[in-house]
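See structure below.
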Amino acid sequence: MRSNIFVTGDLHVGKSTLIQRVLNNLPLVKILGFKTSRYFQNKKLAGFYLEDFSRLHREEQKAFIGRCVNDNYWVSIPETFDTLGVEILQNCLREQPDLIVMDELGFFENDAKIFQKQVFDILASSIPVIGVLKKKQTPFLDQIRKRKDVKVFEVTRENRDRMYELIFEEVLQVIGLDKGKNYIDAASYEKTVKEVFAPVYPVIAKQILTRTKMTTGVCLDVGAGTGHLGIELTKMSDFNTYLLDCSQDMLLIAEQNIERAGLQGRVHTLLGSVYQIPLNNESVDLVISRGSLYFWEHKKTAFHEIYRVLTPGGMAYIGGGFGSAELKRQINQKMQEKDENWRKNMAEKIDKTTNVNYLELLKDLDLAYIDVSDSEAGMWLVIQKKQEYGFGTASN
Ligand SMILES: C[S@@+](CC[C@H](N)C(=O)[O-])C[C@H]1O[C@@H](n2cnc3c(N)ncnc32)[C@H](O)[C@@H]1O
């Protein structure tokens with residue numbers, strides 16, 4: 001099984017950008033690894049340094065792997081690979097992420113033998129790798145290319161969009177995610193939203209506002225997709241809203257929808273995962289989420305993150321459904337006509353989500369209120385974080 005994927009190609013064809021695009025669109029929990037970045041002095045390329053992928057932009061001292069000493073004379077610094085590089089890769093093996101990034105492997109590490117051995121240990125491990133291979137022949141790089149567990153894709157300016165699709169599918173496969181089941185194509189999702197789901201968003205937005213009795217503050221729509229629920233709720237209230245999704249493609253469409261609704265100043269997209277929400281503690285008054293819960297393999301982590309960003313007394317309205325029995329009937333009928341497996345697939349997803357014991361899952365959180373309802377309107381979980389002083393205010 002080829003579980004390690006490398007991109008190669010000429011300079012500046014966008015190899016790292018392609019990898020970043022793949023990573024931005026993956027609904028993953030944990031990605032670790034390293035990245036090499038360019039260092040400029042007086043606008044001239046003066047070196048390359050190594051960074052821990054999970055701690056980008058936090059290193060104050062650059063860990064150089066190569067420096068330009070005289071105008072065009074480059075020296076490599078293999079010790080950086082053998083110390084920091086090895087440390088990062090050993091940590092990857094300890095932490096067992098879903099995917100390891102090696103961006104990039106080149107010739108500065110020709111003499112970094114300890115690092116090279118660590119790279120081979122990782123390639124032989126069960127954790128898949130996505131990386132960039134310099135288009136050069138060195139014994140180290142050739143040995144990687146020859147491996148049976150490595151698949152190399154050559155990217156050019158002309159083929160890079162097609163390559164992105166191919167590599168994305170390959171990565172989904174090696175990390176054990178199915179297209180359709182764990183990943184939704186943004187353009188076709190938006191088409192279905194426009195043709196079928198559109199009427200449910202204002203209905204659900206209204207239900208959320210009525211039930212939570214909230215009208216203002218910061219709202220976060222988790223797994224917002226192309227943004228319709230967050231946008232409808234913002235139209236009906238004074239909320240300022242973030243649309244969070246781990247798919248950059250979904251958010252690009254959401255941005256067009258925000259503009260069409262004239263809400264550029266009040267609704268913003270946010271790329272990230274529910275497992276690591278890129279917002280401060282206690283900064284969100286209302287968290288909403290529709291249809292994303294089905295994709296969260298690690299629900300406890302997700303709810304802890306949601307709790308962390310909620311203000312004291314803040315509420316969350318999370319679940320899935322079509323708003324009412326009648327809308328559900330109409331939508332099921334339309335979707336079944338488009339896709340004969342629709343009912344079966346939905347039933348499986350819903351089963352996996354409704355069979356969870358949410359009271360047990362949320363028992364460590366300091367909640368003033370919790371209600372789980374499962375009806376024709378959908379499966380919805382309403383929670384309220386405890387106020388520091390006083391009592392919760394939510395009611396049925
Ligand atoms: C069925 S769509 C629902 C979109 C939108 N809420 C709606 O109702 O139209 C599920 C969305 O959840 C997103 N998603 C899945 N796993 C996620 C995660 N771990 N973090 C953030 N978003 C996630 C997907 O990218 C997708 O856009």
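The values are calculated or read from the model by the stated rules, or taken from the named source; none is laboratory data. What you see is a predicted model, and the numbers here were worked out from it, not measured in a lab. When we count neighbours, we look across all protein chains shown, and the Cβ atoms used for this are built from the backbone with ideal geometry, even at glycine.
Filter region 193-226 down to the residues that are of a type outside the set (A, V, I, L, M, F, W, C) and either free of Cβ contacts under 8 Å to residues at least 24 places away in the same chain or more than 19 Å from M250 (Cα to Cα) (or both) and list them by number.
Result: K194, P199, P202, K206, Q207, T210, R211, T212, K213, T215, T216, G217.
Hey, does region 194-217 have a residue that's in a loop (DSSP other than H, G, I, E, B), among the aliphatic types (A, V, I, L, M), within 18 Å of Y317 (Cα to Cα) and touching a strand residue (DSSP E or B) at 6+ places or on another chain (Cβ under 7 Å)?
Here is the first cut: in region 194-217, the residues in a loop (DSSP other than H, G, I, E, B) are 198-199, 213-215.
Imposing the further condition that a residue be among the aliphatic types (A, V, I, L, M) reduces the set to 198, 214.
This time we only want the ones that are within 18 Å of Y317 (Cα to Cα), so: 214.
Still in the running and touching a strand residue (DSSP E or B) at 6+ places or on another chain (Cβ under 7 Å): 214.
Scanning region 194-217, I find at least one residue that is in a loop (DSSP other than H, G, I, E, B), among the aliphatic types (A, V, I, L, M), within 18 Å of Y317 (Cα to Cα) and touching a strand residue (DSSP E or B) at 6+ places or on another chain (Cβ under 7 Å), so the answer is yes.
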Original post:
Given the residues V284, V274, which is the only one that is crowded, with 21+ Cβ neighbours inside 10 Å, free of Cβ contacts under 8 Å to residues at least 60 places away in the same chain and over 16 Å from Y369 (Cα atoms)?
Top reply: V274
**OP:** Give the residues of region 365-389 that are in contact (Cβ under 8 Å) with a residue 12 or more places away in the chain and assigned to a loop (DSSP other than H, G, I, E, B), sorted by residue number.
**Re:** L365, D366, E376, A377, K386, Q387, E388
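Return yes when Q256 is part of a helix (DSSP H, G or I) and within 14 Å of the ligand (Cβ to nearest atom) and no when it is not.
Details: part of a helix (DSSP H, G or I): yes; within 14 Å of the ligand (Cβ to nearest atom): no.
It is false that Q256 is part of a helix (DSSP H, G or I) and within 14 Å of the ligand (Cβ to nearest atom).
Filter region 283-293 for residues that are under 15 Å from the mean Cα position of the chain (by Cα) and within 8 Å of the ligand (Cβ to nearest atom) and give the result.
Taking region 283-293 and keeping what is under 15 Å from the mean Cα position of the chain (by Cα), we get 292-293.
The answer is S292, and nothing else.
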Original post:
Hey, G321 hits all of (1) buried (at least 16 other Cβ atoms within 10 Å of the Cβ); (2) at pLDDT 95 or above; (3) out of contact with any helix residue (DSSP H, G or I) (no Cβ under 6 Å at 6 or more places or on another chain) but one; which does it fall short on?
Top reply: (2)
Subject >> Candidates V196, V171, filtered to the one that is closer than 30 Å to K136 by Cα and either within 10 Å of the ligand (Cβ to nearest atom) or touching a helix residue (DSSP H, G or I) at 6+ places or on another chain (Cβ under 7 Å) (or both) >> reply: V171
Original post:
When only residues in region 184-193 that are among the β-branched types (V, I, T) and not in a loop (DSSP other than H, G, I, E, B) count, which is farthest from the ligand (Cβ to nearest atom)?
Top reply: T192
**OP:** Give me the pairs, please: first residue somewhere in region 294-310 and of a type in the set (D, E), second residue anywhere and assigned to a loop (DSSP other than H, G, I, E, B) and within 9 Å of the ligand (Cβ to nearest atom), beta-carbon distance under 7 Å, and either six or more positions apart or on two chains.
**Re:** E305/V274; E305/Y275; E305/I277
Original post:
Residue check, L229 against (1) assigned to a helix (DSSP H, G or I); (2) touching a residue at least 40 places away in the same chain (Cβ under 8 Å); (3) within 12 Å of the ligand (Cβ to nearest atom); (4) surrounded by fewer than 22 Cβ atoms within 10 Å (Cβ to Cβ), all met but one. Which one?
Top reply: (4)
**OP:** Restricting attention to strands (runs of 3 or more DSSP E) lying wholly within region 1-118, give those where 2 or more residues are more than 16 Å from the ligand (Cβ to nearest atom), free of Cβ contacts under 8 Å to residues at least 60 places away in the same chain and charged (D, E, K, R).
**Re:** 44-52
